[in-house]
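Throughout, read-outs are computed from the coordinates displayed, never taken from laboratory work. As the structure is a prediction and not an experimental result, all values here were calculated from the model. Every residue, glycine as well, gets a Cβ built from its backbone with ideal geometry; the counts of neighbours run over all protein chains shown.
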Amino acid sequence: MKPSRRLTLRFVSYFTVFYLLIILGFIVSLLFFAFFINARVGDNIHTMTSYEIENDAVVKDGDSVRIADYLVERAAENLGQLYLINQSMDIVDYTGDTCELCGLADSEILSLERSGMHTWKLPKYYLLFLPTSLVQPLFDETYSVWQKQEDIPADLLQRLKDNTATIELYNERWKRVEVIGESYKLLDKPELFEENYDIFEQEELIQSATLADETTLVVRMPNPAYKPFEEPFNKAMLLFVAIFFGSHIILLIGVIFLSIGISRQFVRPLVYVISRIEQLAQFDYRKLSDKKVHHQKTGKLKRKFKLFQPVDESLNHLSDRLASNERQIKQSEQLREEWITGLSHDLKTPLSSIYGYSTMLASGDYEWTNDEMRAFAKTMQEKATYMDALIQDLTYTYQLKNKAIKLEKVSLALNTWLLQFADNQVCVHVYGDVILDADELLLKRILDNLITNAKKYTPIDTKVSVEAQNTQEGVMLTIADQGPGIPQKELDNLFERYYRGTNTTDDATGTGLGLAITKQLIDLHDGTIRVSSDARGTVFVVKFSYEQ
């Protein structure tokens with residue numbers, strides 16, 4: 001991984017963890033808030049809609065149906081019963097221990113009115129919620145005893161005690177005159193007329209009746225289902241705020257320490273990197289050792305700065321590369337001077353011949369025969385042809401360098417296509433069905449250059465082998481000769497433009513640019529060329545990768 005990406009990843013990971021902690025803290029606070037509220041606030045059954053429960057309210061058990069378990073629990077929580085009634089007004093299922101509606105006629109069920117009743121229409125069924133009052137049985141029994149002016153039975157007193165209930169008597173002026181059981185705060189008369197369908201918002205269950213003497217008999221008891229929303233909501237909000245700000249204080253402390261750690265881990269290496277860059281800018285390629293960043297004995301980066309190891313290695317590599325480039329520049333300048341000298345020589349030699357023969361032909365001191373003039377003209381033509389080929393090859397190399405040559409690839413079956421190069425000296429071998437996508441004209445020039453070069457520098461009685469085969473990476477062409485080999489110095493510069501060990505006085509058939517052009521044409525095909533040579537001969541290996 002690149003140092004820049006690793007550095008970016010480190011910073012991103014730090015701040016991602018930081019923001020994830022913030023988000024996690026916020027989510028935990030919200031979840032805690034929600035659980036806190038949900039555990040302390042009841043789920044009002046009257047807010048339930050038919051659309052909400054139509055798909056899962058009724059559960060089929062074989063041939064029978066029943067009310068879903070979650071609705072059974074919800075009905076009990078709301079101090080009531082649920083009745084599942086079909087379209088024929090038959091009670092299919094109910095919750096609770098007793099069936100209050102069983103045995104009633106259809107008309108009686110339809111005319112039933114009770115505070116807090118609720119009905120939901122379901123596919124093929126109706127769901128009826130019938131609230132049950134825990135205080136009603138106590139009140140009915142108390143009212144009957146009070147009407148008869150009898151003493152309250154012991155078992156009734158015990159049930160009142162078990163339910164923490166109380167019997168209160170208010171006179172016509174609404175003054176409490178008698179209390180039996182627990183003593184609660186004075187009841188306001190308007191509270192008798194309050195009707196709240198949300199059982200969880202009723203702190204007390206109250207039942208009352210006005211007696212003949214205009215006194216009011218009241219039975220009260222705490223509501224076991226009392227779960228008001230406002231009180232736990234306020235507590236939850238305070239808790240949420242405390243957790244939220246507490247977590248942010250912890251995060252702030254964490255950010256401070258994180259910033260200190262980042263400063264120590266990143267600033268010091270950056271100072272070292274800047275100093276190395278300044279050193280390179282002064283053309284000083286020596287390795288720099290910082291005692292605060294490197295180990296004194298090993299010279300390697302300290303463990304906490306390992307993130308910058310690729311940067312340090314890149315700087316060392318850059319230093320070595322710059323030093324190498326400086327040496328190569330000097331060597332290139334020397335090669336360029338040699339190249340210009342050789343090119344000047346190769347242009348000057350044919351020009352000298354052309355100039356000399358033209359001067360001889362233009363001279364009036366001697367009368368040349370037709371045969372002599374044709375010989376002069378032939379020599380001048382050969383030199384001019386050589387110069388034209390040299391100029392064309394130079395132009396072609398620069399066109400290739402500037403990517404001005406466009407490929408026109410076709411599929412070539414090398415089994416037959418390579419046979420055009422076979423002759424008495426060249427042997428062609430193709431292993432298997434080898435298909436190569438390449439520009440036919442340019443590929444022909446590549447092989448012409450390599451085969452001509454092999455034939456040129458090998459004895460006539462030796463063979464030049466041309467082979468083609470498929471490999472895992474692509475198509476491989478091999479051109480091998482049995483010549484005397486190429487010296488290592490020339491082998492290193494074999495594909496340089498206009499590098500050769502001969503001159504026009506030795507052989508005017510080449511321009512010295514053939515292998516340079518060959519390398520550029522292979523590069524244009526996204527291929528590679530490799531050469532090896534020894535006393536047994538020279539082998540050129542050309543590889544073309546398969547099309548993606």
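In terms of distances greater than 32 angstrom between alpha carbons, the cross-link table entries LYS300/LYS401; LYS403/LYS489; LYS403/LYS463 yield LYS300/LYS401; LYS403/LYS463. Which of the three applies to segment 142-223, rounded, prolate or oblate, going by the alpha-carbon gyration tensor with a ≥ b ≥ c and a/c under 1.5 meaning rounded? Oblate, because a/c is 1.5 or more while a/b does not exceed b/c. Gain on full extension, evaluated as 0.36 nm per residue between LYS409 and LEU122 minus their Cα-Cα distance, stands at 96.0 nm. Taken over the C-alpha atoms, segment 307-461 has Rg and Dmax values of 24.8, 87 angstrom. Compute the projected area of the convex hull of the Cα atoms of segment 340-409, averaged over all viewing directions, and report it in nm² to one decimal place. The number I arrive at for segment 340-409 is 7.1 nm². Remark: spin-label model distance VAL271-ASP106 equals 9.5 nm, labels positioned 7 Å along the Cα→Cβ axis.
Taking amide H atoms as placed 1.01 Å from N in the peptide plane, the amide H of GLY80 lies under 5 Å from those of THR132, each 5 or more residues away in sequence or on another chain.
Dipole orientation for segment 354-431: of the candidates SER411, PHE421, MET373, SER411 has the Cα lying most toward the positive pole (charges on Cβ; Lys, Arg +1; Asp, Glu -1). Modelled this way, with points 7 Å down the Cα-to-C-beta line, the labels at LEU24 and GLN392 are 7.5 nm from one another. Projected label points at THR341 and ASP162, each 7 Å from Cα along the beta carbon direction, are separated by 12.3 nanometres. Here the calculated FRET efficiency for TYR226 and PHE15, from their Cβ-Cβ distance with R0 = 45 Å, stands at 0.40, rounded to the nearest 0.05.
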